[in-house]
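Accompanying notes for the structure given below.
The values are calculated or read from the model by the stated rules, or taken from the named source; none is laboratory data. Note that this is a predicted model, so its numbers are computed, not measured. Note that each Cβ is placed from the backbone with ideal geometry, even for glycine, and that neighbours are counted across all protein chains shown. Protein only, heavy atoms only, side chains kept; ligands, DNA and RNA dropped before computing areas. Shrake-Rupley method; radii C 1.70, N 1.55, O 1.52, S 1.80 Å.
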Amino acid sequence: MENQNRADAKKKIGIFLIIIFVIGILYLLYYMFFLKGYEETENAYIHGNQVSITTQVSGVINEINVQDTQPITIGTSAIKLDTVNYEIALKDAETKLADAVRKYYTLQNTVKVNENNTLTAKANLALADKTLKRQTISSSTGITSKESFDTTSFKYIDSKNTYEQSLTNLENSKIEAFSSDIYSHPVVAIAIENLKNAYYNLEKTKIFSPISGVIAQKQVNLGQQVSAGQTLFTVVDLNKTWINANFKETQLRDIKLGNYVEIKSDLNGKTYSGVVTGISAGSGSAFALIPTQNATGNWIKIVQRVPVRIDFNQDSLNKNGVLPIGTTLTVKVNTNKTVDIPNHFIEQKSELYKIDENALHSLIEKIINSNSF
């Protein structure tokens, strides 16, 4: 009986060891075919550009055309400010330009007046010089009295001073009036720039969306006074999002740019595809406001995480739908598979406040022509 029990025990141990061996072989096969060459993390979040829309001028809001969660397209008028003060400022700038044009022509006329005065002073000086020469001869022969000679000498000196002063006045007036044309004269040019500034400020009372996206964080209401630079709302472009996957530093050995990535969204459970397009230059703690200081006696090693940028495959986004920023995902990087990195970057320009230069130029021309003499 005892021998039978021992045999049964050995048999059970043998079966157990065989099971353990089979499990080990199966895990080894699973690792070789399914785990090796992959790095996975659940510490991944959707990121995107959050464009804060601010006002460039101050004023009272009298029209709002947006609300949170509302889609908006580029160039759409979102908010308008009261324009009364800016319309008054534009009229004032127009008046000052008209006054500057008149001052310009006054300066031109002053040059002509000073030229005539200089000719007159020159003629008077020549006459005084001749008279003084005659008086000098007459005085030496005793024909002219000493008093008459002194009076003539004084008139000569006075005429000479007057002529020299007229030359100075002429030169100064030429300096003040000089310019290649009316537009380049400082008085007129400053007035034109002030007019343009007033014109632009009036246009800036209309606030547009610089990108297409979804409205978020609307912070203002109708009738509210806002100041220049104040944030009004935010626009998020969900079609241009990416993933920041925070891998442990021990997982980064084989991850490289171009690696294929399988992405599973916790929001909708759908699977997306993507590609590694960048690895951060430092861990999250390195870029913290107050970086950690490890030069202490009780230091404990903590594995750091490094953000890895993953861009979506556009086809998978089109198929499965866009994802809100901040939502979490599970990403699996295939370190053995490399795909082409898409060039998503396109130079962007904003021309929302591009002024109708023709209309502005016509306004300036009209003011200058109507005040020219």
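Key figures
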{"read-out": "Residue match in segment 270-281 (condition: of a type outside the set (A, V, I, L, M), assigned to a loop (DSSP other than H, G, I, E, B) and surrounded by fewer than 18 Cβ atoms within 10 Å (Cβ to Cβ))", "value": "yes"}
{"read-out": "Top-ranked residue of segment 69-83 - restricted to ones that are open to solvent by 70 Å² or more (accessible area, probe 1.4 Å) and modelled with pLDDT of 90 or more, ranked as farthest from Ala177 (Cα to Cα)", "value": "Thr69"}
{"read-out": "Some residue of segment 19-40 being open to solvent by less than 50 Å² (accessible area, probe 1.4 Å) and either at pLDDT 90 or above or in a strand (DSSP E or B) (or both)", "value": "yes"}
{"read-out": "Residue in segment 81-95 that is under 30 Å from Asn239 (Cα atoms), charged (D, E, K, R) and touching a residue at least 24 places away in the same chain (Cβ under 8 Å) present", "value": "no"}
{"read-out": "Pairs with Cβ under 9 Å, 6+ apart, first in segment 296-320 and in contact (Cβ under 8 Å) with a residue 40 or more places away in the chain and over 21 Å from Thr277 (Cα atoms), second open to solvent by 70 Å² or more (accessible area, probe 1.4 Å) and part of a helix (DSSP H, G or I)", "value": "Val303/Glu249; Val303/Thr250"}
{"read-out": "Selection count, segment 166-176, where residues are in contact (Cβ under 8 Å) with a residue 24 or more places away in the chain and farther than 10 Å from Asn114 by Cβ", "value": "1"}
{"read-out": "Close pairs (8 angstrom Cβ cut-off, 6 or more residues apart or separate chains): among the β-branched types (Val, Ile, Thr) in segment 246-270, surrounded by fewer than 18 Cβ atoms within 10 Å (Cβ to Cβ) and assigned to a loop (DSSP other than H, G, I, E, B) anywhere", "value": "Thr250/Val303"}
{"read-out": "Exclusive hit being in a helix (DSSP H, G or I), open to solvent by less than 60 Å² (accessible area, probe 1.4 Å) and modelled with pLDDT under 90, set Thr131, Thr118, Thr136", "value": "Thr131"}
{"read-out": "Qualifying residues in segment 159-206 (those that are among the aliphatic types (A, V, I, L, M) and within 28 Å of Asp82 (Cβ to Cβ)) - the one most open to solvent (accessible area, probe 1.4 Å)", "value": "Ile190"}
{"read-out": "Flag for Ala245 being more than 30 Å from Ile325 (Cα to Cα) and open to solvent by less than 70 Å² (accessible area, probe 1.4 Å)", "value": "no"}
{"read-out": "Boolean, Ala93 is more than 24 Å from Val276 (Cβ to Cβ), in contact with a Leu (Cβ under 8 Å, 6 or more places away or on another chain) and open to solvent by less than 50 Å² (accessible area, probe 1.4 Å)", "value": "yes"}
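Yes/no per residue for (1) outside any strand (DSSP E or B); (2) more than 33 Å from the chain's Cα centre (by Cα):
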{"position": "Gly229", "(1), (2)": "yes, no"}
{"position": "Val235", "(1), (2)": "no, no"}
{"position": "Asn239", "(1), (2)": "no, no"}
{"position": "Thr250", "(1), (2)": "yes, yes"}
